[in-house]
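> There's a structure below that I have some questions on.
The values are calculated or read from the model by the stated rules, or taken from the named source; none is laboratory data. Model, not experiment: these values are computed from the prediction. With ideal geometry, Cβ positions are generated from the backbone for all residues, glycine too; neighbour counts draw on all protein chains shown. Protein only, heavy atoms only, side chains kept; ligands, DNA and RNA dropped before computing areas. Shrake-Rupley method; radii C 1.70, N 1.55, O 1.52, S 1.80 Å.
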Amino acid sequence: MSENHVSARALETLLGQWRGGASAYLALSDRIRLLALDGRLPSDSRLPAERDLSLRLGVSRTTVTAAYRQLREAGYVNSVRGSGSVVRLPGASAPAPTPEADGILDFSKATMPALPGLADAAAYAVAELPRHLGDSGFDPVGIPELRAAIADRFTARGLPTCPEQIMVTLGAQHAIALLARVLVGRGDRALIETPTYPHAAEALRAAGARLAAVSVSAGGPEEDPGTRGWDEPSLLQTLQRSSPVVGYLMPDFHNPTGQSMPVEQRELVASAAADSCTTLIIDETIAELTIDRQGDFPPFAACADARSAPHIVSVGSVGKTVWGGMRIGWIRAEPGLIHKLVAARCANDLGTPILEQLIVARLLTDMPAILAGRRGLLRVGRDHLERRLADTFPNWHVPHVDGGITAWVNLGSPVSSQLALAARSHGLLVPAGPRFGLDGAFERFLRMPFSHSVAETDRAVDALEAAWGSLGRHPFADTGSLAEVV
Ligand SMILES: Cc1ncc(COP(=O)(O)O)c(C=O)c1O
């Protein structure tokens, strides 16, 4: 397997505010270990030479040597004379442990439980399948009934859409990665929010984009409510000055902050994107999970005038509304772009499974009832999480959200990575705030999903309480369980 060399400078950026706790070498090895467990330092990354890192961080060579030794002894680093220190995950050659198998509570995923009634929709789809068995089954664009159902759903939400504007994908992540591959060239600028959904940033980077960040805030206890949401001047300036080829935005229940972009701001941003010839990738994966949001929030693309509309591409999926295991998503774009995307798709995959498409075509006709059920679950989950966190951690700030599935909790001090590591020792996987930043930022924040059951949320808050109490003195050993953020 090839090794990626991580420069001292790149590692310094990833480390963020790593200092703290009793000794520098332990703090450093802990942070590198978290980066490896989080996937921010992929397995096989070659760490910088000790001397380079010590110079870069302004610490003694002995500190870096001791940190690398600690990582080696715990199985996180292989050191081979002549080829440096390479990140390894302990037991990586064995089948990957899953949190569930280890009895660990996985709060790294902001997902809903599978929709009740999913099995009935699947039975219906099985009965429909024979109608399709005469075809080849390779379907890179989507079966007509699903494209029509997705178009109808957009139309019902206030954005008139025809099936020719729809391409069916293997989930929203596939849609984002495909768009990045087709629209972004090596070295092109891409606008992105910070914090953001990390796999979107990864897809843009993989396509060669240089990211230009615009901040989204959940607001703080002392902050003027006007500072909540998108930094509008910076958003508009980045479009004007950097002319990014694409911008990736989550205007409804932004993950992780839960913020929604006001309609007037959507209009301004759409118009500025048209001026700078930027294609906006609007991620609506979470957009329909309102709890009690007041006011009118039409889909972002419905806020664009005729000039701006061709610059707006929407992506979505049923991963959050129905089930993460239902790998069906979509892209809404001009038919010309849909053709390009379909042509480019086959280099990576040859289409979307027919049976899953039939299931989703059936479910989409029932979306209002499905969403009403999800709203009930999310309301209970949100209210319970807010109450438990307020009682347990009166000094944390938990911004109230009116939809989505996550709260972006402000811990009051830059200890999120330490807390996430300690939480693992108490049986809870939760991603540290910097997982959602581009450069090690957000060490004061923790993303907490409220889509889990009340009992699981109770266990998670108990684990956080124990972890919080042990900060700075948690043991180095942990389970090594891996979980991807979604
Ligand atoms: C904002 C956002 N976009 C996209 C995705 C990926 O969605 P899918 O599971 O449909 O690939 C997720 C999943 O967590 C998400 O939170």
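> Based on the alpha-carbon gyration tensor of the stretch 164-278 and its eigenvalue square roots a ≥ b ≥ c, which shape applies: rounded if a/c is under 1.5, prolate if not and a/b is larger than b/c, or oblate?
The shape class here is prolate.
> So what J values fall out for the stretch 47-57 if you push phi through Karplus, 6.51 cos²θ - 1.76 cosθ + 1.60 with θ = phi - 60°, rounded to Hz, Gly and Pro as x?
6, x, 4, 4, 5, 4, 5, 5, 5, 5, 8
> While we're looking at this one, here's another question. Ranked highest first by the average count of other Cβ atoms within 10 Å around their residues, in what order do 433-441, 229-237 fall?
Ranked from most to least packed, the peptides come out as 433-441, 229-237.
> For the chain, what percent of Cα pairs sit more than 45 Å apart?
Distances greater than 45 Å cover 12 percent of the Cα pairs.
> Using amide H atoms built in the peptide plane, which far-off residues or other-chain residues are under 5 Å from residue 334 H to H?
Placed amide hydrogens put nothing under 5 Å from residue 334.
> Same structure again: With a 1.4 Å probe and all protein chains kept in place, how much accessible area does residue 162 have, in Å² rounded to the nearest 10?
We get 50 Å² for residue 162.
> Net charge around residue 79, counting only other residues with Cβ within less than 12 Å of its Cβ (Lys, Arg = +1; Asp, Glu = -1)?
Residues close to residue 79 contribute a combined charge of +3.
> List the trypsin sites (Lys or Arg not before Pro) within the stretch 155-248 that DSSP assigns to loop and that have no more than 10 neighbouring Cβ atoms inside 10 Å.
186
> Quick one: grab the alpha carbon gyration tensor of the stretch 303-368, order the square roots of its eigenvalues as a ≥ b ≥ c, and give me rounded if a/c is under 1.5, else prolate or oblate depending on whether a/b is larger than b/c.
The shape class here is oblate.
> With Cβ to Cβ distances under 10 Å as the rule, what net charge do the other residues near residue 140 carry (K, R +1; D, E -1)?
Taking every other residue near residue 140 into account, the sum is -1.
> Same structure again: So if I restrict to the alpha-carbon atoms in the stretch 118-367, what is the Rg, and what is Dmax, the biggest pairwise distance, in Å?
Values for the stretch 118-367 (Cα only, Rg and Dmax): 18.1, 64 Å.
> Another question, if that's okay. Taking the simple approach of a point 7 Å from Cα along Cα-to-Cβ for both residue 17 and residue 465, what is their distance in nm?
Placing both labels 7 Å along Cα→Cβ, they lie 2.6 nm apart.
> Hey, what did the stretch 118-367 get for relative contact order, percent, Cα under 8 Å, at least 6 apart?
For the stretch 118-367, the relative contact order is 29 percent.
> With the cut-off at 1.5 for a/c, could you classify the stretch 263-345 from its C-alpha gyration tensor as rounded, prolate or oblate?
It comes out oblate by the Cα gyration axes.
> Could I ask something else about it? I'd like the accessible area for residue 323: 1.4 Å probe, protein heavy atoms, all chains in place, Å² to the nearest 10.
Roughly 110 Å² of residue 323 is accessible to a 1.4 Å probe.
> State the percentage of accessible surface on the stretch 8-87 attributable to carbon and sulfur atoms; use a 1.4 Å probe and exclude ligands, DNA and RNA.
Carbon-and-sulfur percentage of accessible area, whole number: 47.
> Give the ranking of 315, 342 by solvent-accessible surface, highest area first, calculated with a 1.4 Å probe.
342, 315
> To the nearest 10 square angstrom, what accessible area does residue 327 show with a 1.4 Å probe?
Here the accessible area works out near 110 Å².
> Multiply the residue gap between residue 484 and residue 372 by 0.36 nm, knock off their C-alpha separation, and tell me the result in nm, one decimal place.
Between residue 484 and residue 372, full extension yields an extra 37.5 nm.
> Sticking with this structure for a sec: Using only Cα atoms and rounding to the nearest 10 degrees, what angle (0 to 90) does helix 232-242 make with the longest principal axis of the chain?
Value to nearest ten degrees: 90.
> Which order do you get for 264, 465, 288, 12 if you rank them by accessible area with a 1.4 Å probe, largest at the top?
Sorted by accessible area, descending: 264, 465, 12, 288.
> Would you list 5, 339, 174 from the most to the least accessible area, probe 1.4 Å?
Sorted descending by solvent-accessible area, the residues read 339, 5, 174.
> For the chain, find the longest principal axis of its Cα atoms and tell me its angle to the long axis of helix 454-469, 0 to 90°, nearest 10.
The angle comes out near 30 degrees.
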